[in-house]
1. If you take the residues of the stretch 553-589 that are β-branched (Val, Ile, Thr) and in contact with a strand residue (DSSP E or B) (Cβ under 6 Å, 6 or more places away or on another chain), which of them is surrounded by the most Cβ atoms within 10 Å (Cβ to Cβ)?
2. Considering (1) outside any loop (DSSP other than H, G, I, E, B); (2) closer than 30 Å to Met496 by Cα, say which one Thr568 fails and leave the rest.
3. For the stretch 426-459, name all the residues that are open to solvent by less than 10 Å² (accessible area, probe 1.4 Å), touching a Gly at 6+ places or on another chain (Cβ under 8 Å), under 15 Å from Val410 (Cα atoms) and not in a helix (DSSP H, G or I).
4. Just checking, does the stretch 188-208 include any residue being within 32 Å of the chain's Cα centre (by Cα), surrounded by 11 or more Cβ atoms within 10 Å (Cβ to Cβ), over 15 Å from Tyr243 (Cα atoms) and small (Gly, Ala, Ser)?
5. Report yes if Val475 is open to solvent by less than 60 Å² (accessible area, probe 1.4 Å), β-branched (Val, Ile, Thr) and within 28 Å of Lys588 (Cα to Cα), otherwise no.
6. List every residue pair whose Cβ atoms lie under 9 Å apart, where the two residues are 6 or more positions apart in sequence or sit on different chains, the first residue falls within the stretch 525-552 and is surrounded by 22 or more Cβ atoms within 10 Å (Cβ to Cβ), and the second residue, located anywhere, is in a helix (DSSP H, G or I) and of a type in the set (Phe, Trp, Tyr).
7. In the stretch 104-114, what count of residues is obtained for those that are part of a loop (DSSP other than H, G, I, E, B) and surrounded by fewer than 17 Cβ atoms within 10 Å (Cβ to Cβ)?
Amino acid sequence: MGHKSRILKLRLRGPVIALVIADVLALAFSILAALLLRFDGATWPDVYNRYVGNHLTSMPFVAAFYIGALAVFRMYKRAWRFTSLDMLWDVIGANTAGVAGMMVIQMMFDGSHFPRSVLVMVWGSAIMLTGGIRVFLRMMSVLHKYSGKEDRPSVRESRRKRVVILGAGADGASILRAIREDPYLEYDVIGFLDEDPNKMGVYISNVRVIGSLEMLKKLADDGTIDEVIVALPEDACEKVREYVLDCRGKRVAVKKVPQLRDTLIGKTAIQMVDFGIEDLLGRAPVSSSVATIGTYIKGKRVLVTGAGGSIGSELCRQIMQMEPAALILLGHGENSIHLVHQELQARYRNLAERLSYVIASVSNKNRIDQVFKQHRPNIVFHAAAHKHVPIMELNEQEAVSNNVLGTHHVADACGRYGVDRMVLISTDKAADPCSIMGATKWLCEEVLRASSHIHQGTSYVAVRFGNVLGSRGSVVPVFKEQIRRGGPVTVTHPDMTRYFMTIPEAVRLVLQAGGVGRSGELYLLDMGNPVRIVDLARDMIRLHGFEPDVDIEIAYTGMRPGEKLHETLTASGEDIHRTNWEGLYHIKRPQYFVTDEVLDALVHLERATSRGSSADVRRLLNQLIPSQCTVPVTELQQELEESLEHEGESPLRYHM
């Protein structure tokens, strides 16, 4: 093994040695050329005797310093296939340092240096020669990539795909360059489309800006293009919405390069993904940098409950970017926790030893106490909850035990074990709740506020937001599977609307709220405008290349128990205020209970879940929670109301 590594090192040193020799020769040629040009008409012996011979002593040191300067600017540690403008600046910097060093060394060893005009010419010619060598290396590398038999992709029977790039900015140019440098991407870029009139007719790397986005429909109709690559900013996606859906309806693929600005161009082969429904939300994502909002997490011990879920797992991914001292993944499902733990270990190998996981239910008070005693977290993100509305309508005790009592156990442990801050993930279904799930999350917000009064050394913050695309409970994966099977796509009601945002965006704002929120306060994420579910279904069908109600049927199934026709983000009696942070609002919630009343309610809820019936739980929630519910009562709820009336109780409604 050691013998092989030594051979590998020798092989790697060979090209570097050759490049060093080429740079020394380039410096020597630059000096001689500058002297001959500066003293035009003088004979070589005169030039040698007057200038060259006087500096022979210092030249080895000059050459050594010059090579050292190039090495400092990483001229010998570059993948020359991806040489770009940044290399030019390094070449200029390295030669500037090298020529300046030559002047100083000559003064030290020889008492004089070349004339200033000669130094300037040496500087210019050395830049051209050393830079030219590296451009030549790039050309040879690209040629080798395409001509090498072992590296050449297999010849395909199909022709190269004709592609148009939307956006003639920096992202579009980067995509074009990456496509050309990767022979495995058999694309023929026929042009750019851009809305900027100043770019019309302009050539970017010999590819012309052929028109505006309006031209896309014509190209798709004529069969001129096989694929579209979107290289527009995220906030411009709404502008291309109809164009994208039109292309997909005509079986023209639409791709994008995710997070292009966050990647180092040329570091890896370009990877394109399908244009997804999250790209057509109709709202510009709130821009917030994980690096800037998560400074309060760096070096702290962080616990995430529900770490195996959609929100919890994304919290873990983004928290790891902030380099916590430890991250504890807590969840009830061992498989989901194991998968997230494996993913984080592979992605953050240098921080893998900081990861640990705990299998526990937040409804188990003793187990939660053990976890806090063992791990001593500084920050807790509480994402564990039962969230599926219709299922919780049939499992009232479990909903209360896990959501309400579980939140109380976590919040109480945070206070007793000196946690700095706790962040609760809430939901828009807590606003005027008309379901068991919404009612429990409404109570969670009250529990957190009560905890802020009991344990004033800990900061308790609640964050409320709506649906997230791609989560386990989202309609998106359901629609995808239904489309894959050929339909029908099922929608509960033609007028039903919901608020949506992407999981990464929601988590970034949750992390921001955790850093800036005040204890006992409730915050709301900017969810944009509500989206009709049937419109979402139609867009997804078109994105898959089908026509709604022609290729794929849309079927209406009726509203399920606990569902609202339209979700609201705030309840009646709640006031919403802007904050100083983009994408984050403050909800001023009425004072429903004093702290002792909350604690008393928790005692009754615990008794009802452990020894009572579903009717007992509903009756207790009915007494605790106010609501302006307007959703029609389902048959199941009607039967329960009638049974309660026979027992002398009031019909089921959430009110004080």
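1. As a first pass, look at the stretch 553-589 and keep what is β-branched (Val, Ile, Thr): 554, 557, 568, 570, 576, 579, 587.
Of the ones still in play, those that are also in contact with a strand residue (DSSP E or B) (Cβ under 6 Å, 6 or more places away or on another chain) are 554, 557, 570, 576, 579, 587.
Working: Ile554: 18, Thr557: 10, Thr570: 19, Ile576: 12, Thr579: 16, Ile587: 21.
Within the stretch 553-589, the match that is surrounded by the most Cβ atoms within 10 Å (Cβ to Cβ) is Ile587.
2. Of the numbered conditions (1) outside any loop (DSSP other than H, G, I, E, B); (2) closer than 30 Å to Met496 by Cα, the odd one out for Thr568 is (1).
3. Thr458
4. Scanning the stretch 188-208 turns up at least one residue that is within 32 Å of the chain's Cα centre (by Cα), surrounded by 11 or more Cβ atoms within 10 Å (Cβ to Cβ), over 15 Å from Tyr243 (Cα atoms) and small (Gly, Ala, Ser).
5. Numbers: open to solvent by less than 60 Å² (accessible area, probe 1.4 Å): yes; β-branched (Val, Ile, Thr): yes; within 28 Å of Lys588 (Cα to Cα): no.
It is false that Val475 is open to solvent by less than 60 Å² (accessible area, probe 1.4 Å), β-branched (Val, Ile, Thr) and within 28 Å of Lys588 (Cα to Cα).
6. These pairs meet every condition: Leu536/Phe479; Ala537/Phe479; Met540/Phe479; Ile541/Phe479.
7. Taking the stretch 104-114 first, the residues part of a loop (DSSP other than H, G, I, E, B) are 111-114.
Cutting the leftovers down to surrounded by fewer than 17 Cβ atoms within 10 Å (Cβ to Cβ) gives us 111-112.
Total meeting the criteria: 2.
Every residue, every condition in (1) out of contact with any Asp or Glu (no Cβ under 9 Å at 6 or more places or on another chain); (2) at pLDDT below 75; (3) surrounded by fewer than 14 Cβ atoms within 10 Å (Cβ to Cβ); (4) outside any helix (DSSP H, G or I), yes or no:
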residue	(1), (2), (3), (4)
Phe65	yes, no, no, no
Leu88	yes, yes, no, no
Ala97	yes, no, no, no
Met102	yes, no, no, no
Val142	no, yes, no, no
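The values are calculated or read from the model by the stated rules, or taken from the named source; none is laboratory data. Keep in mind that this is a model prediction, so the values were computed, not measured. Don't worry about glycine lacking a Cβ; one is built from the backbone with ideal geometry, like all the others, and counts go over all protein chains shown. Note: areas computed on protein heavy atoms with side chains; ligands, DNA, RNA excluded. Shrake-Rupley method; radii C 1.70, N 1.55, O 1.52, S 1.80 Å.
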